[in-house]
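Q: Below is the structure I would like to discuss, written out as structure tokens.
The values are calculated or read from the model by the stated rules, or taken from the named source; none is laboratory data. Quick caveat: nothing in here was measured; it's all calculated off a predicted structure. Quick reminder, even Gly has a Cβ in these numbers, built from the backbone with ideal geometry, and neighbours come from all protein chains shown.
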2 protein chains.
Amino acid sequence: MFNISSIEGGLNVVDGFFCDGVNVGMRTNPANSESTDIDGDVGFIHSDTVCDISAVFTNNTFQAAPIKHYQRYPDNFQTNFLLINAKNANAMTGQAGIDDIDTIMTALDKKIDTINPIMSSTGVIGYRLPIDKIVTAFDKFDFTAKNSHTLAQTIMTTDKFKKERAYKVELDNGNSFHIAAICKGAGMINPAMATMLCFIITDANIPKADMDELLLQGSEKSFNRISVDGDTSTNDTAMLLTNKKSSAYNKEAFSKALEKIMFELAMEILKDGEGASKLVAFEVKGAKSEDEARRASIALSNSLLVKTALFGEDPNWGRIASTIGASGIECDESTLSIHYDDLLIYSNEFRELDSQREEQAFSIMKQDSFIVSCDLGLGSGAYTSYGCDLSYEYVKINAEYRT
Amino acid sequence: MFNISSIEGGLNVVDGFFCDGVNVGMRTNPANSESTDIDGDVGFIHSDTVCDISAVFTNNTFQAAPIKHYQRYPDNFQTNFLLINAKNANAMTGQAGIDDIDTIMTALDKKIDTINPIMSSTGVIGYRLPIDKIVTAFDKFDFTAKNSHTLAQTIMTTDKFKKERAYKVELDNGNSFHIAAICKGAGMINPAMATMLCFIITDANIPKADMDELLLQGSEKSFNRISVDGDTSTNDTAMLLTNKKSSAYNKEAFSKALEKIMFELAMEILKDGEGASKLVAFEVKGAKSEDEARRASIALSNSLLVKTALFGEDPNWGRIASTIGASGIECDESTLSIHYDDLLIYSNEFRELDSQREEQAFSIMKQDSFIVSCDLGLGSGAYTSYGCDLSYEYVKINAEYRT
């Protein structure tokens, strides 16, 4: 048995980890030297002892330079320093982008002893990092700070709010450990690794094999199930670091806590989905297989017509059905049924929406979040993914992103 | 040798075919009895002799009732009457939806002798056809009219303009035939059969086997290559009818004319893409295979981030590259190059966009149409699909569709 309780403080709650974020004047449009960006752009997570680390990365073929840099380290390497920047993704920058990280890390090592330092970047694709600006951060950093809020703010790009979580996990033998995370992500979120950065730290005495297994499993149940716009970025990263300062560990407890923290952060990303006003769970069940359920569920969370109907609060189940039918999975209109929350909105016997049920559906759709549940009536395959509506605001944000 | 010349008149140019469209007061929101719709909603194409017919239909599993009704006829059946309605898709209506067509056709047959009459519908999914209203059209129709413009207008849903084309094809032996078409489609357009209806008529003496082959081939080169929003409807249909009143036929000439008419109508659909302001060709070449080129090209024409960047006229090639990388095909950032029209915008040697080239790219993007050309530098596979930008207007149209 174990108890998981939410606590305040974000990354600060884990002993031995330090973090901070500063502004060195990087620009969201590197080609425009007149743009002024006042938000933070460079930050770090530092541990006073070396940490085991696990990571999952984007499956985009064009992985960004920091990911390639990470992958140069041997398996099971340990690190004590993670440098993070926003505004510039250091993606599609070739070998030069990797060399730039080495240059930056050499400069960093003059300020603080780093062991296998790693970097993580988000922002615009296709520009070299402004090395001169980034290294000025090293004079501004307080390497002994515990500024989780500041760092969570620093790594934001189009995010409207910062995302952090911390939990204390108490085991029944009286021992306890902590797990905490910060995360960024709002646009360009797609199942198969949302475009996001997520940094999770813990003091649990977790074996490396469990870290790898549970981080992958946690990603599958969280970031891989959310969609804002069906795009997958070059930089998606989720990392888990442990300094093992606590002797406590229990696989089931850790797994639960990790899944909880990752799922909650994934839902925060979705709520922050660019211009999103609603969070919708797309449950597909009764499919021939889990894979078929997954394909239909993800088709729903990515469909523009479904997303605009959500925004318009139009209880147009025809778009739901049509999207399932277009997903290529086995389905039959006579066995299909669709619910919005608990309201039956389509079944073989009940196809036309009368005005009373349309009103009820309308009330459900006015909520900040609700469930679209589709039972294919053919088998036991089930999968749930999570999406949001598509608003004018999404178009505005993404048409204007760099300017 | 042959000569294909564009002529005025739409469907009217083909002798022996008649068409008309009327308004019987069907509603875009069947649940709202107070909505008033003044546009036309029911029309027909009638031939004074029986015609051979070929059709290609949506690959959505939930094919609409009129498609199932069509498929009940034996192979190589002939017909002399096509009834068309807008406002109601007669989709997800089960057996009752098919029975309704039979009821309607029985009523129609009392007004005019029909042979294997077929129906085609577009509109909202999930409501039974208003049979009583539809049969009132039969008193309003002029069965000897040649009102192509009216019919083209009648079958519109969210279309902003009607779509018709006619060609005269002259063979070198002095014989000639005609080919003409009307088409509807604006939203919900996706490669793998756009959500559209297209009715093509001809007097050419074309064998049935050629009709089947050339209609499929024409669809692959036109409607299957356009994307407005990545959705595929329950009702997509392209039909080709011939009354063989001309003794003329030449396979190459017919194929060219058919491809031309279908491609031009597909481009009209794209220009009418809901809220679209630009038409963009996404050429992918140098891929390992044509299939890989196709996957990347279609990913580009469907990407929300690419589409919003087009709307914002932001020469952000990073979104192009990222979408290719996310499409799962083999690609390499060192062999990739990207052009906007003739402007090199990315290559291994030229990654960062300086302000001069950004200005040039900006001018290209201001055009009504341009080409995004991506050379993967890996093989000889090539494919071009066609897309449009995503604007505030798209969201508005689709959030408000039924109300």
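Q: For residues that are among the polar types (S, T, N, Q) and out of contact with any helix residue (DSSP H, G or I) (no Cβ under 8 Å at 6 or more places or on another chain), tally how many sit in the stretch A:148-167.
A: So the count comes out to 4.
Q: Hey, B:Phe254 hits all of (1) assigned to a loop (DSSP other than H, G, I, E, B); (2) over 20 Å from B:Ile371 (Cβ atoms) but one; which does it fall short on?
A: It is condition (1) that B:Phe254 fails.
Q: While we're on this one: I want to confirm something. Restricting to the stretch B:66-79 and keeping residues that are surrounded by fewer than 21 Cβ atoms within 10 Å (Cβ to Cβ) and modelled with pLDDT of 95 or more, which single residue is nearest to the other protein chains (Cβ to nearest Cβ)?
A: B:Lys68
Q: Pull up the stretch A:320-352, narrow it to residues that are touching a Ser or Thr at 6+ places or on another chain (Cβ under 7 Å), within 8 Å of chain B (Cβ to nearest Cβ) and not in a loop (DSSP other than H, G, I, E, B), then point me to the one that is surrounded by the most Cβ atoms within 10 Å (Cβ to Cβ).
A: Top of the filtered list is A:Ser322.
Q: Can you run down the residue pairs with Cβ atoms below 8 Å, 6 or more apart or on separate chains, where the first is in the stretch A:342-353 and closer than 9 Å to B:Gly126 by Cα and without any contact (Cβ under 8 Å) to a residue 24 or more places away in the chain and the partner is among the small types (Gly, Ala, Ser) and assigned to a loop (DSSP other than H, G, I, E, B)?
A: A:Arg351/B:Gly126; A:Glu352/B:Ala31; A:Glu352/B:Gly126
Q: If I ask for residues that are more than 18 Å from B:Ile67 (Cα to Cα) and at pLDDT 90 or above, which ones from the stretch B:222-248 would you list?
A: B:Ser222, B:Thr242, B:Asn243, B:Lys244, B:Lys245, B:Ser246, B:Ser247, B:Ala248
Q: Say whether the condition of being among the aromatic types (Phe, Trp, Tyr) and more than 11 Å from chain B (Cβ to nearest Cβ) is met by at least one residue in the stretch A:278-296.
A: Checked the stretch A:278-296: at least one residue is among the aromatic types (Phe, Trp, Tyr) and more than 11 Å from chain B (Cβ to nearest Cβ).
Q: Take A:Leu270 and tell me if it is within 22 Å of B:Asn302 (Cα to Cα) and either among the β-branched types (Val, Ile, Thr) or within 11 Å of chain B (Cβ to nearest Cβ) (or both).
A: No, not satisfied.
Q: Scan (1) at the interface with chain A (Cβ under 8 Å from one of its Cβ atoms); (2) in contact with a Lys or Arg (Cβ under 6 Å, 6 or more places away or on another chain) for the single condition B:Gly379 breaks and write down its number.
A: Condition (1) is where B:Gly379 drops out.
Q: Follow-up question, since we're still on this one. Which condition does A:Ser369 not pass, out of (1) in contact with a Leu (Cβ under 9 Å, 6 or more places away or on another chain); (2) within 12 Å of chain B (Cβ to nearest Cβ); (3) more than 22 Å from B:Thr122 (Cα to Cα), if it passes all the others?
A: (2)
Q: Evaluate the following for B:Ala296: is it assigned to a helix (DSSP H, G or I), in contact with a helix residue (DSSP H, G or I) (Cβ under 8 Å, 6 or more places away or on another chain) and under 22 Å from B:Gly218 (Cβ atoms)?
A: Considered against the rule, which asks whether it is assigned to a helix (DSSP H, G or I), in contact with a helix residue (DSSP H, G or I) (Cβ under 8 Å, 6 or more places away or on another chain) and under 22 Å from B:Gly218 (Cβ atoms), B:Ala296 comes out as no.
Q: Go through A:Gly286, A:Gly275 for me and flag whichever is of a type outside the set (D, E, K, R) and either under 21 Å from A:Ser363 (Cα atoms) or crowded, with 22+ Cβ neighbours inside 10 Å (or both).
A: Within the list A:Gly286, A:Gly275, the selection yields A:Gly275.
Q: Return a yes/no flag: does the stretch B:231-250 have any residue that is more than 17 Å from B:Phe57 (Cα to Cα) and of a type in the set (Lys, Arg).
A: Yes, the conditions are met somewhere in the stretch B:231-250.
Q: What number of residues within the stretch B:297-319 satisfy the criterion of being more than 10 Å from chain A (Cβ to nearest Cβ) and at positive phi?
A: So the answer is 0.
Q: Evaluate the following for A:Leu11: is it more than 12 Å from chain B (Cβ to nearest Cβ), touching a helix residue (DSSP H, G or I) at 6+ places or on another chain (Cβ under 6 Å), aliphatic (A, V, I, L, M) and crowded, with 23+ Cβ neighbours inside 10 Å?
A: Yes.
Q: What tally of residues in the stretch A:369-398 results from selecting those that are in a strand (DSSP E or B), at pLDDT below 95 and in contact with a Gly (Cβ under 6 Å, 6 or more places away or on another chain)?
A: 1
Q: Another question, then. On the basis of being farther than 26 Å from A:Glu393 by Cα and modelled with pLDDT of 90 or more, does A:Val280 make the cut?
A: It is false that A:Val280 is farther than 26 Å from A:Glu393 by Cα and modelled with pLDDT of 90 or more.
Q: Within the set of pairs 6 or more residues apart or between chains, which connect a residue that is outside the structural domain of B:Gln217 (by TED's automatic domain parsing) inside the stretch B:175-199 to a residue that is modelled with pLDDT of 55 or more and surrounded by 24 or more Cβ atoms within 10 Å (Cβ to Cβ) with Cβ atoms less than 8 Å apart?
A: As it stands, the answer is none, since no pair meets every condition given.
Q: Quick one: how many residues across the stretch B:353-366 are more than 14 Å from every other protein chain (Cβ to nearest Cβ) and either over 29 Å from B:Ala266 (Cα atoms) or crowded, with 18+ Cβ neighbours inside 10 Å (or both)?
A: The qualifying residues number 1.
Q: If I filter the stretch A:149-160 for residues that are more than 17 Å from the chain's Cα centre (by Cα) and over 16 Å from A:Ile101 (Cβ atoms), do I get at least one hit?
A: Yes, the conditions are met somewhere in the stretch A:149-160.
Q: Go through the residues of the stretch A:366-385 one by one and say whether even a single one is at positive phi and of a type in the set (D, E, K, R).
A: No: zero hits.
Q: For B:Thr93, work out the one condition from (1) more than 12 Å from every other protein chain (Cβ to nearest Cβ); (2) out of contact with any Cys (no Cβ under 6 Å at 6 or more places or on another chain) it doesn't fulfil.
A: (1)
Q: Please go through (1) under 26 Å from B:Arg225 (Cβ atoms); (2) more than 14 Å from chain A (Cβ to nearest Cβ) for B:Thr122 and return the number of the only condition it doesn't satisfy.
A: Going through the list (1) under 26 Å from B:Arg225 (Cβ atoms); (2) more than 14 Å from chain A (Cβ to nearest Cβ), B:Thr122 breaks only (2).
Q: Something else: I'd like the residue in the stretch B:80-111 that is of a type in the set (S, T, N, Q) and in a strand (DSSP E or B) and, out of all such residues, is surrounded by the most Cβ atoms within 10 Å (Cβ to Cβ).
A: B:Asn85
Q: So, one more: Among the residues of the stretch B:254-264, are any acidic (Asp, Glu) and outside the structural domain of B:Asn224 (by TED's automatic domain parsing)?
A: Checked the stretch B:254-264: no residue is acidic (Asp, Glu) and outside the structural domain of B:Asn224 (by TED's automatic domain parsing).
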